[in-house]
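**Student:** Take a look at this one; I'll ask things after.
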């Protein structure tokens, strides 16, 4: 049996931008991506703490050490600069493997820094 479990989480980062005129996705500082074990184009769930909005999109690599967290395209309607969000990725794995799986969860500091 396979189940879906938490793989990665960036807990409570601040949106720095919302760019409606972009194709879509979420841009994430590459340092945060590395720390959370996310890769470009990976599917993520974004949860907005300020307004309760939830959406699924994919990751675009942002400039390293920039602190950038930007909702792009239609996703930009779900949040605005200054909102606090949680970024979550899941993995499908064997039930037995899932029992010992340890997700990568990071808690960035002010300015979306590690």
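All of the numbers you see were taken from the coordinates with simple rules; none came from a lab. Nothing here was measured: the structure is a model prediction, and the numbers come from that model. Please note: Cβ atoms are built from the backbone with ideal geometry, for glycine as well, and neighbour counts cover all protein chains shown.
**Student:** Taking N as the number of residues in segment 1-46, what is its alpha-carbon radius of gyration divided by 2.2 N^0.38 Å?
**Tutor:** Scaled against compact globular proteins, the figure is 1.33.
**Student:** Quick check on packing: order 2-10, 27-35 by the mean number of other C-beta atoms within 10 Å, highest mean leading.
**Tutor:** Output ranking for 2-10, 27-35: 27-35, 2-10.
**Student:** Looking at segment 2-112 only, what percent of DSSP beta bridges run antiparallel? Nearest 5 please.
**Tutor:** 70
**Student:** Taking a ≥ b ≥ c as the square roots of the eigenvalues of the Cα gyration tensor of segment 51-114, is the shape rounded (a/c under 1.5), prolate (a/b larger than b/c) or oblate?
**Tutor:** prolate
**Student:** Which value, to two decimals, describes the C-alpha radius of gyration of the chain once divided by 2.2 N^0.38 Å?
**Tutor:** 1.04
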